[in-house]
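These notes are about the structure you will find just below.
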Amino acid sequence: MTELGELYQEVVMAHGSRPRNFRRIEDAEKHSDGYNPFCGDMVSVFLKMDEGRITDAAFVGKGCAISKASASIMTEAVKGKTVEEAQEIFESFHKMVTRGPGGKYEVDGLGELEVLAGVAEFPTRVKCAVLAWHTLKAALKDEGGTVSTE
Ligand code: FES
């Protein structure tokens, strides 16, 4: 099977072509921009917050199907979560996609994010998968400027 054939599973394709929460939140309490220097793609993440909980999450930007799918599933995964819970999801997801070819990972708590597990087999695509996540992390920490996947 080709690299794309293995990666582009049905769910990834669905999210990549019709991403959820692909919109700007004008009155977002938290916002950050992310950049992948390898391809020049960018993403902006917006969060609505209420007493430490993420009540809405959205993104806009330009990127490949993997980056859009990852951002789409991410926004669904963190909605309703506290900042701490969202950071835990970030850590679990990051461990899963950066584990390296053939590496093991914990399934607990990943939910639909697990459809991106195959990205770990293709190190050149890992930055696509983590772009929105690093942007989310920067937004949660109220870091200004543009975060890079480097
Ligand atoms: Fe740019 Fe994937 S090729 S984010």
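Here are a few things to note about the model shown:
- Adding -39500 (n - 2.57) for every DSSP H run of four residues or longer, then dividing by how many residues the chain holds, sets the calculated 222 nm ellipticity at -12500 deg cm²/dmol.
- A simple charge model with +1 on the Cβ of Lys and Arg, -1 on the Cβ of Asp and Glu and nothing else charged puts the dipole of the chain at about 360 debye relative to its Cα centre.
- Note on the range 18-73: dipole from Cβ charges, positive end direction compared against ALA58, ALA71, HIS31; the farthest Cα belongs to ALA71.
- GNM flexibility winner over the chain from GLY63, GLY111, GLY80 (Cα, springs under 10 Å): GLY111
- Cross-link pairs exceeding 27 Å between alpha carbons, from the set LYS30/LYS127; LYS68/LYS141; LYS30/LYS68; LYS48/LYS104: LYS48/LYS104.
- Computed from backbone phi with θ = phi - 60° and the Karplus coefficients 6.51, -1.76 and 1.60, the 3J(HN,Hα) list for the range 29-34 is 6, 10, 7, 8, 10, x Hz; x is used for glycine and proline.
- Of the GluC sites (Glu not before Pro) found in the range 9-60, those that fall in a DSSP loop while having at most 14 other beta-carbon atoms within 10 Å are GLU26, GLU51.
- Modelled this way, with points 7 Å down the Cα-to-C-beta line, the labels at ASP50 and GLU29 are 1.0 nm from one another.
Computed from the coordinates by the stated procedures, all read-outs in this text should not be read as laboratory data. Here the structure is a predicted model, which means the values were calculated and not measured. Every residue, glycine as well, gets a Cβ built from its backbone with ideal geometry; the counts of neighbours run over all protein chains shown.
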